[in-house]
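To start, the structure under review is shown below, and the notes come after it.
Derivation of every value follows stated rules applied to the coordinates shown; laboratory data play no part. None of the values given here were measured: they were computed from a predicted structure. Here the Cβ is made from the backbone with ideal geometry for all residues, glycine too, and neighbour counts use every protein chain on show.
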Amino acid sequence: MTSGDEPADDRSHSDHATVEPPEWFVEQANVSDPAVYDRFEREWPDCWREAASLLDWDEPFEGVLCGAEGPPFEWFPGGRLNASYNCIDRHLPERKNQLALVWEGHLGESRTYTYLELYREVNAFAAALRELGVGEDDVVTIYLPMVPELPVAMLACARLGVAHNVVFAGFSADALATRMERADSEYLVTCDGYYRRGSAVAQKNKADNARIAVEQDVSVVVLDRLGHDIHLGDDYVDYHDLLAAHEGAEVEPISRAAGDPLFRIYTSGTTGRPKAVTHTTGGYLAHVAWTSQAVLDIKPEDTYWCSADIGWITGHSYIVYGPLALGTTTVLYNGTPDHPEKDRLWELVEQYAVDVFYTAPTAVRAFMKWGKEHPAKHDLSSLRLLGTVGEPMDARAWEWYREHIGGGECPVVDTWWQTETGAILVSTLPGVDEMKPGVAGKPLPGVEATVVDRSGADVKPNEAGELVVTQPWPGMPRSLLDGTDWGVPPSDGEWRYRPEDSASMDGDGYVTFLGRIDDAINVAGRRFSTMELESTVAGVDGVAEAAVVGANHETTGTAIYAFVSPEDGYGKNGLRADIEGAIVEAIGGIARPEEIVFTPDLPKTRSGKVMRRLLTAVANDEDLGDTSALRNPEILGEIQSSTAGE
Ligand code: WT7
């Protein structure tokens, strides 16, 4: 069993050490004027004009924000633009021969695209999609691993003004089918398979199964990655054939209203069903472009690398849309950090002279565990700025990252945001603010957020409460704009958004994040729903009852623990395999539990409610506290002894 080696309250001290941004960094930073906070506050919401002005608009917007008091909100009303034009076409006059994408595939395989090459492939694929019948209200599902064709397909959809729906390639056929069906998506772009850790992994079979499972007819484009002579049946077309047939085609970018959908993406909701989040063309793109510039300090001449997967929001915002909107070179890596050796990432940083590197705290903790000798083998002096996202970054990992990856010199930004927020809302501005290791930072200029107690009143500095965002922001999704879902009109009538994160704020306005307050489990920066996991486990033959909790984990921050009470006559080993299989089938291997603990019964209150708090304490090897509300307190001893034996 693992337990977090950082005590949780290490993060809520008020007397944090501070680190000044180095002068050499400030001198060259995109945003370095401390007055930016006051200016944005004074001019809110007009301040966000600055973000929108990073984009090229076909029709200028008539205002910045409509509906400031409450939904429906509209950012940049009247404005029209195309995201693909903003990410590609407008850069051509100045940098058509500059690299837009640098792709590192499985060992030895790499490919680059200049902005002109990206323009050509995106146009050809957009023409192909149009010929397949893709039209305005369609949703194109993209189920690809980290290959250049993934951003190409996204940008081709954007060019046609059609929403894409990227589904993480590691998700199962069931998970893909649910996401296609809920989006009523009739087009799917996938591949035969791909390479992972040096071996081929099949992908098309999952797409086939999803296609059979959904109600609608689906046309499928298949990218040949493995070179196997795959059989393509009816309604399947080969990606390369399509490109060849449309080589040289040019597709006029379709002008979209600022609030029109750019894409949809699913995240774990609290109900167990994946929650659809739709992001907009103008507000979202302005917000990701501005934060790429102000927080990640991206310059067009940079080589920038975010090691996330495009299948998650991080990759949408900060591999594809933000960096390309700024005209920089963005790195795509289809591989794992420790294959073939644990210095793989540092080898690539050196090879491509990466300027800015953005990753997850879980990755940093893994680097730390593997040892400083791996980065030490490489010249990492090209790095100027480091960032993290996805979960709380503890002070120790922060210091290690800065020291051993950043050479003790690079500023490190700990950026907080969510699938729903679309772009970063809380972080330090590296050219302005001092950093506090273990603390994320302040709400960005133009972002209003505070920490409140249950009654909605601000808590005192350094006291834990719930973070609420009290003003709209440009990257907000459609449902918040419309006020149809999870925009919380609280009793006092003031609009606020609840991200469901607990946090504290110190006297300087810096936010420390303490974890989720809903039923989500954040494993390595990926969000899973407790309900979805539990219903999957409970659906396995032989499982009488199941409860799933998140427990501390040294590397992934949190790990999934499943507590299972079996029906009579079912053996542990068979059940364990069935449970793992069910989770892999329903969600994918990424949600496989760290531990499955068998117990004759779950701890329950007298009214029969499972006390997950106690299971979390057992998993964390913590003191159980008061168990008097339990009907069956004796069960805890049994569970403790069976976990101790694992
Ligand atoms: C949840 C959102 C945004 C892309 C990655 C995850 C947690 C995110 C931080 C951070 C502490 C963080 C929150 C948030 N989270 N960044 N810097 N410090 N926690 O996106 O799957 O939508 O999850 O991740 O709990 O609510 P997501």
Scan (1) under 28 Å from residue 365 (Cα atoms); (2) away from the ligand (no atom under 16 Å from the Cβ); (3) in contact (Cβ under 8 Å) with a residue 40 or more places away in the chain; (4) not in a loop (DSSP other than H, G, I, E, B) for the single condition residue 339 breaks and write down its number. (4)
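Taking the conditions exactly as written (in contact with a strand residue (DSSP E or B) (Cβ under 7 Å, 6 or more places away or on another chain), closer than 27 Å to residue 426 by Cβ and not in a strand (DSSP E or B)), does residue 515 satisfy them or not?
Numbers: in contact with a strand residue (DSSP E or B) (Cβ under 7 Å, 6 or more places away or on another chain): yes; closer than 27 Å to residue 426 by Cβ: yes; not in a strand (DSSP E or B): no.
Against the criterion (in contact with a strand residue (DSSP E or B) (Cβ under 7 Å, 6 or more places away or on another chain), closer than 27 Å to residue 426 by Cβ and not in a strand (DSSP E or B)), residue 515 does not qualify.
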Those residues of region 494-531 which are among the basic types (Lys, Arg) and within 12 Å of the ligand (Cβ to nearest atom), in sequence order: 498, 516, 526, 527
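Which strands (runs of 3 or more DSSP E) does region 526-641 wholly contain that include 3 or more residues that are of a type outside the set (Lys, Arg) and surrounded by 14 or more Cβ atoms within 10 Å (Cβ to Cβ)? Before the answer, list the steps.
On the way: elements: 526-529, 543-553, 557-566, 595-598.
Result: 543-553, 557-566, 595-598.
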Yes or no: region 600-608 includes at least one residue that is aliphatic (A, V, I, L, M), within 28 Å of residue 171 (Cα to Cα) and touching a residue at least 40 places away in the same chain (Cβ under 8 Å). no
With the requirement that a residue be within 13 Å of the ligand (Cβ to nearest atom) and farther than 19 Å from residue 515 by Cα, what does region 436-446 give you? 444
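Give the residues of region 532-548 that are more than 16 Å from the ligand (Cβ to nearest atom) and not acidic (Asp, Glu), sorted by residue number. Before the answer, list the steps.
Just the residues of region 532-548 that are more than 16 Å from the ligand (Cβ to nearest atom), to begin with: 534-548.
Residues satisfying the conditions are 535, 536, 537, 538, 539, 540, 542, 543, 544, 546, 547, 548.
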Every pair of residues 6+ apart whose Cβ atoms lie under 9 Å, when the first sits in region 408-434 and is more than 11 Å from residue 389 (Cβ to Cβ) while the second is basic (Lys, Arg) and near the ligand (Cβ under 9 Å from one of its atoms): 419/527
Being closer than 24 Å to residue 37 by Cα, assigned to a loop (DSSP other than H, G, I, E, B) and in contact with a helix residue (DSSP H, G or I) (Cβ under 7 Å, 6 or more places away or on another chain) narrows it down to one residue among 472, 461, 445, 499; which is it? 445
Quick test of your reading of the structure: residue 479 fulfils all but one of (1) assigned to a loop (DSSP other than H, G, I, E, B); (2) of a type in the set (Ser, Thr, Tyr); (3) under 25 Å from the mean Cα position of the chain (by Cα); (4) away from the ligand (no atom under 12 Å from the Cβ). Name the failing condition by number. (1)
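Can you pull out every residue in region 367-410 that is polar (S, T, N, Q) and away from the ligand (no atom under 15 Å from the Cβ)?
Residues of region 367-410 that are polar (S, T, N, Q), as a first pass: 381-382, 388.
Residues satisfying the conditions are 381, 382.
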